[in-house]
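Asks: Below is the structure I would like to discuss, written out as structure tokens.
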Amino acid sequence: MTTLDLPRAVVGAACLAPWGDRARDVPGAAPVDLTSVPGFVTSRFNPLVAAVAEQCLGAPGGDLVRGLGERTAIVLATACGDTTTSDLATRKLVAGQVHSPLLFFQSVTTSILGHLAKRYGITGPVSCVSACEDLAGSALRLADLLLFDDELEQVLVIGVELAPNDRVTWVRDRLGAEHPLGRLPLGEDAAVALLLRRATPGRPAVPPGPPHPAYGWLGQLVGLCTAAAHPDTSTTD
């Protein structure tokens with residue numbers, strides 16, 4: 001596999017969860033109640049993506065996105081996706097109940113990205129990535145690849161994971177060690193958003209921050225988030 005070595009500058013960052021006191025060492029903590037998103041129901045997955053993206057980018061028309069809609073790409077990374085919606089749809093099917101059209105729509109992981117793209121005027125490439133190992137690294141490498149395109153200025157990377165429910169636990173138990181799903185956040189919903197651009201002399205690259213194992217595979221993204229928020233405490237290898 002080709003490894004890209006592109007210095008990344010973090011121009012926007014947000015981290016939602018863990019809740020309460022456990023979020024004191026990271027920039028931002030989501031309230032337990034998230035703002036609902038029109039057209040999305042039941043699950044916290046899509047409101048969590050929308051909330052962390054808004055905290056990262058600011059209000060539509062703000063400095064980070066104004067005039068850059070067609071030069072902005074989005075990468076969404078998730079190991080298990082919206083398991084709440086998948087589980088609810090399965091239960092309704094087994095019970096012979098009528099499906100909600102909204103569940104069909106929001107079962108597509110990138111559907112919330114369409115909402116964000118419309119709200120912020122983003123028309124660049126939209127991608128979703130999942131992997132059993134090094135998911136954060138896969139998302140960052142995809143962002144690097146996109147930033148090699150001179151027509152793009154920035155990439156919004158969003159990592160999101162819901163707290164493992166019975167469906168995820170069942171799958172993990174049966175896959176076993178030979179096919180792991182990777183490390184998941186410890187019992188809580190979590191999301192991280194990073195707005196990445198090419199590093200320049202006036203916009204230096206951000207080194208990895210301290211590890212955050214409680215976030216599972218998201219820990220690498222949280223490290224970049226904390227390093228961007230507290231550059232004086234960041235360390236380099």
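Asks: Starting from residues that are touching a Gly at 6+ places or on another chain (Cβ under 6 Å) and farther than 30 Å from R172 by Cα, keep the ones in the stretch 119-150 and report whichever is surrounded by the most Cβ atoms within 10 Å (Cβ to Cβ).
Replies: Top of the filtered list is I122.
Asks: Do you know which of the residues in the stretch 148-161 that are of a type in the set (A, V, I, L, M) and closer than 16 Å to L221 by Cβ is modelled with the lowest pLDDT?
Replies: Of all residues in the stretch 148-161, those of a type in the set (A, V, I, L, M) come to 152, 155-158, 160.
Filter once more, so that each one left must be closer than 16 Å to L221 by Cβ: 155-158, 160.
Details: V155: 98, L156: 98, V157: 98, I158: 98, V160: 94.
The qualifying residue modelled with the lowest pLDDT is V160.
Asks: Among residues belonging to the stretch 56-100 that are among the aliphatic types (A, V, I, L, M), in contact with a strand residue (DSSP E or B) (Cβ under 9 Å, 6 or more places away or on another chain) and assigned to a loop (DSSP other than H, G, I, E, B), point out the one that is modelled with the lowest pLDDT.
Replies: In the first step, residues of the stretch 56-100 are kept if they are among the aliphatic types (A, V, I, L, M); the result is 57, 59, 64-65, 68, 73-77, 79, 88-89, 93-95, 98.
Still in the running and in contact with a strand residue (DSSP E or B) (Cβ under 9 Å, 6 or more places away or on another chain): 57, 64-65, 68, 73-77, 79.
When the remaining residues are screened for being assigned to a loop (DSSP other than H, G, I, E, B), the result is 64-65, 68, 79.
Details: L64: 94, V65: 93, L68: 94, A79: 88.
Here the answer is A79.
Asks: Could I ask something else about it? Among P164, P185, P207, P211, which is the only one that is in contact with a Phe, Trp or Tyr (Cβ under 8 Å, 6 or more places away or on another chain) and part of a loop (DSSP other than H, G, I, E, B)? Spell out how you get there, then give the answer.
Replies: Numbers: P164 fails: in contact with a Phe, Trp or Tyr (Cβ under 8 Å, 6 or more places away or on another chain); P207 fails: in contact with a Phe, Trp or Tyr (Cβ under 8 Å, 6 or more places away or on another chain); P211 fails: in contact with a Phe, Trp or Tyr (Cβ under 8 Å, 6 or more places away or on another chain).
Step by step, each of P164, P185, P207, P211 is checked, and only P185 is in contact with a Phe, Trp or Tyr (Cβ under 8 Å, 6 or more places away or on another chain) and part of a loop (DSSP other than H, G, I, E, B).
Asks: Continuing with the same structure: Evaluate the stretch 31-49: report whether one residue or more is in contact with a Cys (Cβ under 6 Å, 6 or more places away or on another chain), at pLDDT 70 or above, buried (at least 19 other Cβ atoms within 10 Å of the Cβ) and not β-branched (V, I, T). Step through it out loud before you land on a result.
Replies: Initial filter on the stretch 31-49 (in contact with a Cys (Cβ under 6 Å, 6 or more places away or on another chain)): none.
Looking through the stretch 31-49, none of the residues is in contact with a Cys (Cβ under 6 Å, 6 or more places away or on another chain), at pLDDT 70 or above, buried (at least 19 other Cβ atoms within 10 Å of the Cβ) and not β-branched (V, I, T).
Asks: Sticking with this one: Do we find that E133 is at pLDDT below 90 and either among the basic types (K, R) or assigned to a loop (DSSP other than H, G, I, E, B) (or both) in this structure? Reasoning before the result, please.
Replies: Working: at pLDDT below 90: yes; either among the basic types (K, R) or assigned to a loop (DSSP other than H, G, I, E, B) (or both): yes.
For E133, the condition - at pLDDT below 90 and either among the basic types (K, R) or assigned to a loop (DSSP other than H, G, I, E, B) (or both) - is met.
Asks: Out of everything in the stretch 139-160 that is farther than 16 Å from A9 by Cβ and assigned to a strand (DSSP E or B), what residue ends up being farthest from the chain's Cα centre (by Cα)? Quick ask: steps written out before the conclusion?
Replies: Quick first cut of the stretch 139-160, residues farther than 16 Å from A9 by Cβ only: 139, 141-142, 145, 149-151, 158-160.
Okay, now just the ones that are also assigned to a strand (DSSP E or B), so 158-160.
Details: I158: 2, G159: 2, V160: 4 Å.
So the residue we want is V160.
Asks: Restricting to the stretch 194-212, and then to whatever is among the aliphatic types (A, V, I, L, M) and over 24 Å from A17 (Cβ atoms), can you tell me which residue is surrounded by the most Cβ atoms within 10 Å (Cβ to Cβ)? First the steps, then the outcome.
Replies: So the first thing to find is which residues in the stretch 194-212 are among the aliphatic types (A, V, I, L, M), and the list is 194-196, 199, 205-206.
Retained after the next criterion (residues that are over 24 Å from A17 (Cβ atoms)): 199, 205.
On the way: A199: 16, A205: 14.
Top of the filtered list is A199.
The values are calculated or read from the model by the stated rules, or taken from the named source; none is laboratory data. Quick caveat, the model's predicted, so the values are computed rather than measured. Note that we place each Cβ from the backbone using ideal geometry, even for glycine, and neighbour counts take in every protein chain shown.
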